[in-house]
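K.L.:
Next up is a structure, given as structure tokens.
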Amino acid sequence: MAETALTSEQIVEAAEDVLRRFGPAKATVVDVARVLGVSHGTVYRHFPSKAALRAAVTRRWLDRAHAALPAIATGSQSPDRRLRLWLEALYRAKKTKALDDPELFATYSVLAVESSGVLDEHIRALEAQLAVIIAEGQDDGIFARDGDPLTLAQIVFQATGRFHDPVYAAVWSAPTADRDFAALVGLLLRGLAAR
């Protein structure tokens, strides 16, 4: 591959491939460069460090895994329906990734911890989507007005952590996981409802 024609996106794709094959402990920038047929200096011209490259991989993975969420947050359904759909989509995305490809999910879990700034930014974006739904629900009289929408969004996100935080991935395959998730969402919706 011509070094001048190489894009950051191509490097990130190659890094994902290398991480999949070697895992986060053994994957190197030299491995990524080798896959692309370029020098490691070329990779460093796009990403100043191994950490920056791994952060870009993490950002891309998170964005792809949660691509459906922004449209749900701003959809045409009622806010209570959108909140349920949004939480279901988040849970389903995480559960599918964890159960369908546990090795890759474990790799991304390691990268997310390494790229805590990227993860924090992503969580803030998810909470902002929830806040949009909650604010609209408050405006429509569906949700009680007893709280700031962003604060409530953060509470909802934290309360549902068992169903989207990778630390709990092992319990997502439990026979009662889906039932427990549905019960929690029902409880949260009842708690938010206008009285």
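K.L.:
Quick one: compute the contact order of the chain, relative version, from alpha carbon pairs under 8 angstrom and 6+ residues apart, as a percent.
P.N.:
Relative contact order comes out at 20 percent.
K.L.:
List the residues, sorted by chain then number, that are 5 or more residues from PHE143 or on another chain and whose placed amide H is less than 5 Å from its amide H.
P.N.:
It is GLN138, ALA194, by chain and number.
K.L.:
Using only C-alpha atoms and all pairs of different ones, pull out the Kirkwood radius for region 1-95 in Å with one decimal.
P.N.:
For region 1-95, inverting the mean 1/r across all distinct Cα pairs yields 15.1 Å.
K.L.:
Using only the C-alpha atoms of region 116-195, find the volume of their convex hull and express it per residue in Å³.
P.N.:
About 81 Å³ per residue, rounded to a whole number.
K.L.:
For region 22-33, just list the computed ³J(HN,Hα) in residue order, Karplus coefficients 6.51, -1.76 and 1.60, θ = phi - 60°, integers in Hz, with x standing in for Gly and Pro.
P.N.:
9, x, x, 6, 10, 5, 10, 5, 4, 4, 5, 4
K.L.:
Let me ask something additional. For the chain, with equal point scatterers placed on the C-alpha atoms only and solvent neglected, what are the log10 I(q)/I(0) values from the Debye formula at q = 0.09, 0.11, 0.13, 0.17 1/Å, to two decimals?
P.N.:
-0.41, -0.58, -0.75, -1.05
K.L.:
Now for a separate question. Sticking with the crude label model, points 7 Å out along Cα→Cβ, report the distance from ASP120 to ALA25 in nm, one decimal please.
P.N.:
2.8
K.L.:
Per-residue HN-Hα couplings for region 60-76, Karplus 6.51 cos²θ - 1.76 cosθ + 1.60 at θ = phi - 60°, whole Hz, x for Gly and Pro?
P.N.:
Calculated HN-Hα couplings, in order: 4, 5, 5, 4, 5, 5, 10, 4, 6, 5, x, 5, 5, 4, 10, x, 8 Hz.
K.L.:
While we're looking at this one, here's another question. Once you charge only the Cβ atoms, +1 for Lys and Arg and -1 for Asp and Glu, what is the size of the charge dipole of region 91-195 about its Cα centre, to the nearest 20 debye?
P.N.:
The dipole magnitude comes to about 380 debye.
K.L.:
Now for a separate question. Any idea how far apart SER173 and THR151 come out in nm if each label point goes 7 Å out from Cα toward Cβ?
P.N.:
Using points 7 Å along Cα→Cβ, the separation is 4.1 nm.
K.L.:
Probe radius 1.4 Å, ligands and nucleic acids ignored: give me the carbon and sulfur share of the accessible area of region 86-195 as a rounded percent. Mind dumping the intermediate values first?
P.N.:
Details: 3220 of 5600 Å².
The C+S portion of the solvent-accessible surface of region 86-195 is 58 percent.
The values are calculated or read from the model by the stated rules, or taken from the named source; none is laboratory data. All of these numbers come straight from a predicted model, not from anything done at the bench. Quick reminder, even Gly has a Cβ in these numbers, built from the backbone with ideal geometry, and neighbours come from all protein chains shown. Side chains included, ligands, DNA and RNA excluded: accessible areas come from the protein's heavy atoms. Shrake-Rupley method; radii C 1.70, N 1.55, O 1.52, S 1.80 Å.
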